[in-house]
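Read-outs: derived from the displayed coordinates by stated rules, not from any lab. Given the structure is predicted, the values throughout are model-derived calculations rather than measurements. Every residue, glycine among them, receives a Cβ derived from its backbone with ideal geometry; neighbour counts consider all protein chains shown.
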Amino acid sequence: MRLEFSTDSQQHWRTVVEGRTGTDGAFSLDAADVTEDGYWRVLYTDGDGKILAGGELQRIDVAYKTRLEPR
């Protein structure tokens, strides 16, 4: 799993944190030190970093300290 951030949602994505799924498919990625508004996406990758799946883009305003929960 990879959590990525971009200020414009079009380009310049950077990896903020990487993690692994549990045996049940659950995961948790923490990016508590973020200080700027922007767009976030979660990508599911294989062991070589190839993207296998991705979630919806989410616009986050850090002033509201948003926490995303599973649907």
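Observations
- Test: residue in the stretch 43-54 that is touching a residue at least 40 places away in the same chain (Cβ under 8 Å) and of a type in the set (Phe, Trp, Tyr): yes
- Leading residue by the ranking (surrounded by the most Cβ atoms within 10 Å (Cβ to Cβ)) among those in the stretch 38-50 that are more than 17 Å from residue 10 (Cβ to Cβ) and either touching a His at 6+ places or on another chain (Cβ under 7 Å) or not hydroxyl-bearing (Ser, Thr, Tyr) (or both): 42
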